[in-house]
Every structure is written in C-alpha cells, then in structure tokens.
Amino acid sequence: MDLFDWHRISVNEQASIRQALTVLDREALQIVLVVGDASRLLGTLTDGDVRRALLRGEGLDGPVTAAMNTKPLVGLSLQSETAWKRAMVEHSIRHLPIVDSDNGIVGLFYDKKEVKKRLNPVVLMLGGLGTRLRPLTETIPKPMLMVGNKPILETIVTHIAEQGFVNFYFCINYLGEQIRSYFGDGSQWGIHIEYIEENERMGTAGALSLLPEKPTMPFVVMNGDLLTKVDLTALIDFHIEHQNITTACVREYAQQVPYGVVEVEGHQVTQLVEKPVYRYFVNAGIYALSPEAMDKIPEAAFYDMPTLIEEVLVEKGNVGGFPITEYWMDIGQMPDYEQAQADYEVHFQKRSKKLS
C-alpha cells in the first residue's frame, strides 16, 4: 500500500483559505485535507473549490471551512487498492483520502499517471519594451531578464510545458532575436515554437491576426512578463465548460481604506464602517479564447485584449472570469522584479528540486 503522508497536505479547521493555498502550492498535489479533532477528515479543498468560493464572494482570508468540500469521496482503509482505483475511475477523480471506520485519516491515494498532452495553442506576448525596468531592459528584452537562475520566460515555458502543452507561438518585437536564439524551435523543452514577428506595436491582442492559421480549438494568450504557477489546464476546462468566447484570469485585490467610512442617505448617517477592506478582481493578463474570437480581431492593427472583451460583452457573448489562486507576479516595475527574485526560491526552486 503506497499512501501519501496526509500530514503534509493538511490544515486544521481554523485555517484560512490563504493558508490552505500555501499548502496547495508547496506540495503541488492539487488537494488539501481539512482536519478536525482526533485527525478526523472534515473536508477537502482543491483549486476548483477555492475558485468557486471566490466567485461567491468569499475572501482569501476567510475560513477554509467556507470553501471546502464537506462531502468528499473517500476510500476505507479496509478496502483493497483495486477498490480505491475503481472508485476513482467511476468518479473521474485523481485523489482519494483514505480513512478508517471512525473517519480518521490514514493517508492519500492518488493517480500517478503521466500528464496528458494538450494540443491547445499557447500564445505568449513577448514584444514589450520594458520601459519601466530600464536600465535593465536597454539591451535585454524583459522576458529574458534573469529571475533565480534562469530567464523569466524559461520559467514560464517550463511550467506550461509540465502541464502538457506542446504548441507555442512567441510574438516577438523588441530585441526579439535574443528570444529566438535562446529558445530555438523549443525541442529542448519538448515543445514546438513558432515565432510571430511584430513589425510595429500591436497591443495585447493585435498580433493574433498574424498567426499562420486560425486555431481550431480554445487557446491561451498570456503576457510574457508574468511569473506564475497558474493551472492552464483548469483554465481551458473552465472556458469550455461555460461555453465562453473569452475567459480572463482574474486576481483578488484587497484595498483597506485608512479611515472610517461614513455612509449617508440625504442628511442621515446610515452606517459607519471603521477602516473597511474592499475586494476587487483585477485583470491578471492571462486569457483563454475560443476560435470565433479571432473573427473580431482586425488585420495587422493595434488591438488590445480589453477591447476584444468589451466587444464580446456588447454582443452579449459569454465572457468568463477565472480566479487565479496560485502564485502570480506581474513583473512590471523594479520593486516587482526584486520581489520576484525573493519569491523564486520559495515557489519555483523547491519544485525544481522535487521533480529532479
């Protein structure tokens, strides 16, 4: 019997959603066990559970019990491994908590199959000037700046390739030959890369009109200066499930007002809230698009992704919001770059060692 040590993927019922996400990120098993007294299983938490909670209005600092699945499928320790596998196949799941007769956790049984190949194209927008990071970007394109022991773009490509994606388009402009020289055809990473050259600035969506052929399946568009561990397979599945034309990844952004906020109706004060925290979803620069979205993109012209989304909304098309629960850093300014350097060892280096 080969069970994963449940202590490494567990949190107690007093934990916050944010604390549970730390465990999800650290162990990379895509599940957390929520444990009560006497090591009893109270529920499970996956990325999908967190995304649904955020869309319901829960905050990352809310209790994990507000997001967890309170009725997860479990296997019994007295059952055989064959019975566990059969249950997982029947319910299309990859993880099965194993419990004893008192619902005490014994371990985690999980599917160790190889990652499925994903043919959905991934388009990386790499043509930015990186003006706000000068002088670092005077002779190096921003995606090629070193974070940790490798260029930002190599960390991005490696993470996406590990999820099974193999077809990449690199949209290059400023100092793009450095990117082409480093990555070549992508065979070193087990992927295939085609290069799209922008002769002029085309925005975050305009370069899509230069693709050699219209995609026949949903595809990913991502800015090339994002250091993130987002699950793009979950993004594509979410996009398809909700029959969206466009899906934008969103990130929770919390802002605390440093004063007491007074709500007034007419001449009457109706409420006084001391230093409230307001939460918003902000655009994370990662998108899933259906092939029909390509019909809205003008030929060889400047065109931004927000404009595309606005056009789809005007036409009453489906636009999805996919909350990112994983690590995400937009390396736009020097403080972001410095923070990414500090974060790299925590979020990426450990994982590299674990996989080697």
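Could you grab me the full set of residues in the stretch 210-258 that are free of Cβ contacts under 8 Å to residues at least 12 places away in the same chain and in a helix (DSSP H, G or I)?
Here is the first cut: in the stretch 210-258, the ones free of Cβ contacts under 8 Å to residues at least 12 places away in the same chain are 213, 237, 241.
Asp237, Glu241 - these are the residues of the stretch 210-258 that are free of Cβ contacts under 8 Å to residues at least 12 places away in the same chain and in a helix (DSSP H, G or I).
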Open item on the list: If I filter the stretch 1-23 down to residues being of a type in the set (A, V, I, L, M) and farther than 16 Å from Ala66 by Cβ, which single residue comes out as surrounded by the most Cβ atoms within 10 Å (Cβ to Cβ)?
Closed with: Ile9
TODO: Have a look at Lys214, Lys142, Lys117 and point out the one that is farther than 30 Å from Thr70 by Cα and not assigned by TED's automatic domain parsing to the domain that holds Ile240.
DONE: Lys117
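So, in the stretch 38-50, how many residues would count as being of a type in the set (A, V, I, L, M) and at pLDDT below 90? Step through it out loud before you land on a result.
Restricting attention to the stretch 38-50, the residues satisfying the condition of being of a type in the set (A, V, I, L, M) are 38, 41-42, 45, 50.
Imposing the further condition that a residue be at pLDDT below 90 reduces the set to 38.
Residues flagged as of a type in the set (A, V, I, L, M) and at pLDDT below 90 within the stretch 38-50 amount to 1.
Would you point out the residue of the stretch 38-55, among those that are within 15 Å of Leu24 (Cβ to Cβ) and aliphatic (A, V, I, L, M), that is surrounded by the most Cβ atoms within 10 Å (Cβ to Cβ)?
It comes out as Leu45.
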- [ ] Report yes if some residue within the stretch 202-209 is in contact (Cβ under 8 Å) with a residue 40 or more places away in the chain, farther than 14 Å from Asn167 by Cα and not in a helix (DSSP H, G or I); otherwise report no.
- [x] yes
- [ ] Could you please find all residues in the stretch 1-25 being farther than 28 Å from Thr228 by Cβ, in contact with a helix residue (DSSP H, G or I) (Cβ under 8 Å, 6 or more places away or on another chain) and free of Cβ contacts under 8 Å to residues at least 60 places away in the same chain?
- [x] Glu13
- [ ] Give just the number: which of (1) crowded, with 16+ Cβ neighbours inside 10 Å; (2) modelled with pLDDT under 90 does Val35 not satisfy?
- [x] (2)
Task: Search result, residues across the stretch 174-201 that are buried (at least 18 other Cβ atoms within 10 Å of the Cβ) and touching a strand residue (DSSP E or B) at 6+ places or on another chain (Cβ under 7 Å) - done: Gly176, Ile179, Phe183, Ile191, Ile193, Ile196, Glu198
Task: Scan of the stretch 168-186 for residues that are modelled with pLDDT of 90 or more and part of a helix (DSSP H, G or I), ordered by number - done: Glu177, Gln178, Ile179, Arg180, Ser181, Tyr182, Phe183
TODO: Only one of these is among the charged types (D, E, K, R) and under 22 Å from Glu326 (Cα atoms): Glu154, Glu177, Glu194. Name it.
DONE: Glu154
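Which strands (runs of 3 or more DSSP E) does the stretch 56-134 wholly contain that include 1 or more residues that are of a type outside the set (Asp, Glu) and either surrounded by fewer than 18 Cβ atoms within 10 Å (Cβ to Cβ) or modelled with pLDDT under 85 (or both)? It would help to see each step written out before you state the result.
On the way: elements: 95-99, 105-110, 122-125.
Filter on the stretch 56-134 gives 105-110.
Rundown of residues vs (1) closer than 21 Å to Leu24 by Cα; (2) among the hydroxyl-bearing types (Ser, Thr, Tyr); (3) touching a residue at least 12 places away in the same chain (Cβ under 8 Å), yes/no style:
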{"residue": "Thr65", "(1), (2), (3)": "yes, yes, yes"}
{"residue": "Pro72", "(1), (2), (3)": "yes, no, yes"}
{"residue": "Arg86", "(1), (2), (3)": "no, no, no"}
{"residue": "Asp100", "(1), (2), (3)": "no, no, yes"}
{"residue": "Ile160", "(1), (2), (3)": "yes, no, yes"}
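Can you give me the number of residues within the stretch 1-46 that are in contact with a Pro (Cβ under 9 Å, 6 or more places away or on another chain) and either closer than 16 Å to His95 by Cβ or among the hydroxyl-bearing types (Ser, Thr, Tyr) (or both)? Show your work before the answer.
Filtering the stretch 1-46 down to residues in contact with a Pro (Cβ under 9 Å, 6 or more places away or on another chain) leaves 6, 13-17, 31, 33, 41, 43-44.
With the extra rule that they be either closer than 16 Å to His95 by Cβ or among the hydroxyl-bearing types (Ser, Thr, Tyr) (or both), the set shrinks to 6, 16, 31, 33, 41, 43-44.
The number of residues fulfilling the criteria is 7.
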Task: Every pair of residues 6+ apart whose Cβ atoms lie under 6 Å, when the first sits in the stretch 329-344 and is on the phi > 0 side of the Ramachandran plot and not assigned by TED's automatic domain parsing to the domain that holds Lys142 while the second is part of a strand (DSSP E or B) and surrounded by 12 or more Cβ atoms within 10 Å (Cβ to Cβ) - done: none
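Does at least one position in the stretch 319-332 carry a residue that is in contact with a Lys or Arg (Cβ under 8 Å, 6 or more places away or on another chain), small (Gly, Ala, Ser) and more than 24 Å from Arg201 (Cα to Cα)?
Going through the stretch 319-332, the residues in contact with a Lys or Arg (Cβ under 8 Å, 6 or more places away or on another chain) turn out to be 322-328, 331-332.
Add one more test, that the residue is small (Gly, Ala, Ser), and what stays is 332.
Those left that are additionally more than 24 Å from Arg201 (Cα to Cα): none.
No, every residue in the stretch 319-332 fails to be in contact with a Lys or Arg (Cβ under 8 Å, 6 or more places away or on another chain), small (Gly, Ala, Ser) and more than 24 Å from Arg201 (Cα to Cα).
The values are calculated or read from the model by the stated rules, or taken from the named source; none is laboratory data. Source: prediction; values computed, not measured. Positions of Cβ are backbone-derived with ideal geometry, glycine not excepted, and every protein chain shown enters the neighbour counts.
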